[in-house]
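Each reported figure results from applying straightforward, stated rules to the coordinates on display, with no laboratory input. Fair warning: this is a prediction, and the values are worked out from it, not measured in the lab. Don't worry about glycine lacking a Cβ; one is built from the backbone with ideal geometry, like all the others, and counts go over all protein chains shown.
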Amino acid sequence: MLQEIKLFDSRVWYIIIQTFFNRFTMFMVWPFLALILYDDFNLNELEIGFFLSSSLLIGIIVGFFAGNLSDRIGREKVILAGLLISVFAMALMAFSSTLEGFFIGTSLQAIGRSLIENPSKALMTDTLVQQKTKELSLHLRYYAINVGSAFGPMVGISLGLTASKETFLLVSLISFFSFLTALYLFKDHIKNRKKEVEKATNFKFLYSILKQDHAFLLFILANALTMIAFMQIDSSMLQYLRMYEFEELTALFASLIFANGMTIIIFQFPLLRLLKNVSVFNRAFLGVCLFIVAFIVFANVEPKNAQGIMFAVLILSMGECILFPTVSIIIDTMAPKHLKGSYYGVAEVSLIGIVLAPVVGGFLLQIYGGFVLWITMCVLSCCVAVLLFLAKNAKRPDFIEEERENTMLQECKETKL
């Protein structure tokens, strides 16, 4: 592992560190956004779901185009634009006292995230040659996400910053510092960026490729259903706990987020080592199976049984630390080199599951209650397992397979050198 880490350049390290600080400050307040909408703006469960879904949908649409844009003008420029938008988005949310202003702020934040995240993943793997090194960089990025996500809410509670708009200002300042750092690190790469041998990167060409890439399309559908199921822990869990009148609601929810993050922090790399000889699709299948078990436990937990909820979250977290880093690796291995940003952008469509999650979860909770919610998520996870099996054996364009062989040959040459 240390040998692979030595191959990381400054841009890779910047993305990993920036990801940590962004998530750490964001998670001081973002998981409690539903409480802000409920307490400050008197929205009910379904209205909160539509509010969150609408702003996310805007970000997904932008993300679809941002990936292709990064193939054309360079990853660095798109990332810088995303960081700058995030600065203004968080500042607006800090000072806004109206629901309309808050909606504009959350929408801008979703746009900024879309401009940063997928080009960042593509940039990391662009700078690295060997597949193991690429996989490690994506694992470390996901690890940074979860370290920040685990400690952010706990620190926020300790400092009294949960559900506080002042925290948005702190996130804005962190984003501004990240922007200045990125500008310093990226300026030489932007200035010296040579125009490579041009290959078709327009949307017409991308569409013609995707029509043939049945495996990738099935994988995107599977990932969308995964997002609907998994995001219930974020979008519906707090409403579920409030509906069943759990005591010390905020502290319990923060503890669940902390447990989720700590499980990944502790087990991600041991599991990576344990499963190193398992194919990426089989790894993903194993993660989905753990999701199924977790949702069955959720469905059978007695009301107000905090220990049972915690146990289900731990199982779900084990599945997450196997599945989600593997998703990024699968996208990276599926993508043609000159369309890597575009493939990550198209994969953004699967985040429609995040848009639908609050609406689906809010509807099921309000109309049918918690049991039906968790059983429905269990069924969706079973569908994901079937789609992954189909994607593993589905048709792919011929030139993608040829490019993969060329990449493997290049890796062999680099290893010998």
Under the Karplus relation with 6.51, -1.76 and 1.60 and θ = phi - 60°, whole-Hz ³J(HN,Hα) for segment 135-149, x at Gly and Pro, equal 4, 5, 4, 5, 5, 5, 5, 5, 4, 4, 4, 7, 5, x, 5
Which length gain, in nm to one decimal place, applies between Glu166 and Asp39 when the Cα-Cα distance is subtracted from 0.36 nm times their residue separation? 44.1 nm
At most 15 other Cβ atoms within 10 Å plus a DSSP loop assignment makes a site exposed; report the longest stretch of the chain without any exposed trypsin sites (Lys or Arg not before Pro). 7-192
Once Lys and Arg are counted +1 and Asp and Glu -1 for all other residues with Cβ under 13 Å from that of Ser54, the total becomes -2
FRET efficiency for Tyr184 and Val129, Cβ-Cβ distance as r, R0 = 25 Å, nearest 0.05? 0.50
Nitroxide proxy distance, nm - points 7 Å out along Cα→Cβ at Val278 and Phe371: 3.3
Any idea what diffusion coefficient segment 238-307 gets from Stokes-Einstein, in µm²/s, Kirkwood Rh on alpha carbon pairs, 37 °C, 0.692 mPa s? 229
Summing -39500 (n - 2.57) over the DSSP H runs of n ≥ 4 in the chain and dividing by its residue number, what mean residue ellipticity at 222 nm do you reach, to the nearest 500 deg cm²/dmol? -28000 deg cm²/dmol
Could you work out the equivalent-ellipsoid semi-axes for the chain, taking the square root of 5 times each eigenvalue of the Cα gyration tensor, largest first, in whole Å? 33, 25, 20
With 10 angstrom as the radius, rank Met90, Met262, Met318 by how many other C-beta atoms surround their C-beta, starting from the fewest. Met262, Met318, Met90
Would you mind counting up the charge near Ala215? Only other residues with Cβ under 9 Å from its Cβ, with Lys and Arg at +1 and Asp and Glu at -1. +2
Divide the volume of the convex hull of the Cα atoms of segment 225-358 by its number of residues and quote the answer in cubic angstrom per residue. 109
Cβ-Cβ FRET estimate between Phe311 and Arg72, R0 fixed at 30 Å, reported to 0.05: 0.05
